[in-house]
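Have a look at the structure below, then the notes.
Derivation of every value follows stated rules applied to the coordinates shown; laboratory data play no part. These figures come from a predicted structure and were not determined experimentally. Counting neighbours? That spans all protein chains shown, and the Cβs are built from the backbone with ideal geometry, glycine included.
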C-alpha cells in the first residue's frame with residue numbers, strides 16, 4: 001500500500017471511530033441544567049456532547065458535530081432556532097447584558113440562526129425594531145449592498161449576505177451592534193462588517209451566544225471592536241477514545 005493510500009485508510013478509520021461519538025441532535029438545546037445534572041463529561045475526552053457553561057451553575061449540553069471536510073475534527077454545535085424557548089430566552093438575556101454597555105443605537109441580525117436571538121436582544125435593549133440581513137436577494141436589492149459570505153458549518157456555498165436598501169437609513173451614521181448565534185472563523189462577521197461599512201454604519205461591537213475556537217480573534221482585532229460571547233467552546237480533535245480540545 002502506498003503512503004497516500006495508507007494515510008487515506010487511516011483517515012477513514014479515524015472517521016469511522018469518531019462517528020461513534022456523534023449522535024442525533026433532536027433532544028439537544030432543550031434545557032439548561034445545573035452541574036450535577038449534566039449527562040456529559042466535564043473534562044476530555046468528550047463523547048457525544050460538550051458542556052458549555054453559561055454562568056456559575058447554569059450549563060447547556062451541546063452536541064458534537066464532526067466536520068464534513070475533516071471528520072477527525074469537530075465543533076460543539078448551537079442551533080438556537082431548534083432550541084427550547086426557555087434556552088433561547090436565557091441566551092438572549094445574557095447577550096443583552098453584554099450588549100448594553102456598548103451603547104448601540106441599532107441591532108443588526110445576520111441570517112439565519114442569529115435571527116432567533118437578535119430580535120429578543122433588540123427588544124430587551126428598548127428598541128422598537130431591529131435590522132435583519134438576508135441571504136435571499138429581492139429584485140430591488142443592490143450589488144453595492146451585498147457581500148460574499150461563508151462559514152465553518154456551511155462552506156463552499158457561494159452565498160451573499162444582503163442589506164435591504166430601504167433599511168440603510170436605519171443604520172447610516174448610527175452605532176450598530178451585530179447580534180448573532182456564533183462566531184467561529186470570523187468570515188461571516190467580517191462580511192457583515194464590510195456590508196455595514198458600505199451603508200455608512202458605525203460598528204460598535206459584536207455579541208454572540210457562542211465564541212467557537214480562536215480563529216475569530218484576528219478578525220476582531222482587525223475590526224477593532226469587542227466581540228463578546230456568553231460562553232466559549234474549543235475546536236475539537238479526535239483522540240482515539242473521544243474528542244479533545246485543539247491546542
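Using label points projected 7 Å from each Cα along Cα→Cβ, tell me how many nm separate residue 89 and residue 55, to one decimal. Between residue 89 and residue 55, the label points sit 1.3 nm apart. In terms of its alpha-carbon gyration tensor, the range 80-125 comes out oblate; a/c meets the 1.5 threshold, while b/c is at least as large as a/b. With the simple model of a label 7 Å out from the Cα in the direction of the Cβ, residue 70 to residue 218 spans 1.3 nm.
What is the range 85-233 by shape, rounded, prolate or oblate, if you read a ≥ b ≥ c off the alpha carbon gyration tensor as root eigenvalues and call it rounded for a/c under 1.5, prolate for a/b larger than b/c, and oblate otherwise? It is rounded, given that a/c, with a ≥ b ≥ c, falls under 1.5.
Determine the shape class of the range 21-141: with a ≥ b ≥ c the square roots of the Cα gyration tensor eigenvalues, call it rounded for a/c under 1.5, and otherwise prolate if a/b is greater than b/c, oblate otherwise. It comes out oblate by the Cα gyration axes. Once the Cβ-Cβ distance between residue 143 and residue 36 is put in as r, and R0 is 51 Å, what FRET efficiency do you end up with, to the nearest 0.05? It comes to 0.40.
Averaging the Cα positions of each part gives two centres, and for the range 195-247 and the range 50-97 these lie 14 Å apart. Residues of the range 179-210 falling in the label zone of residue 168, defined by backbone nitrogen less than 16 Å from a point 7 Å along Cα to beta-carbon, are 194-202. Between helix 187-198 and the chain there is an angle of about 10 degrees, using the helix long axis and the longest principal axis of the Cα atoms.
Provide the gained length on full extension for the span residue 123 to residue 197, in nm with one decimal, where the gain is 0.36 nm per separating residue minus the Cα-Cα distance. Between residue 123 and residue 197, full extension yields 24.3 nm more.
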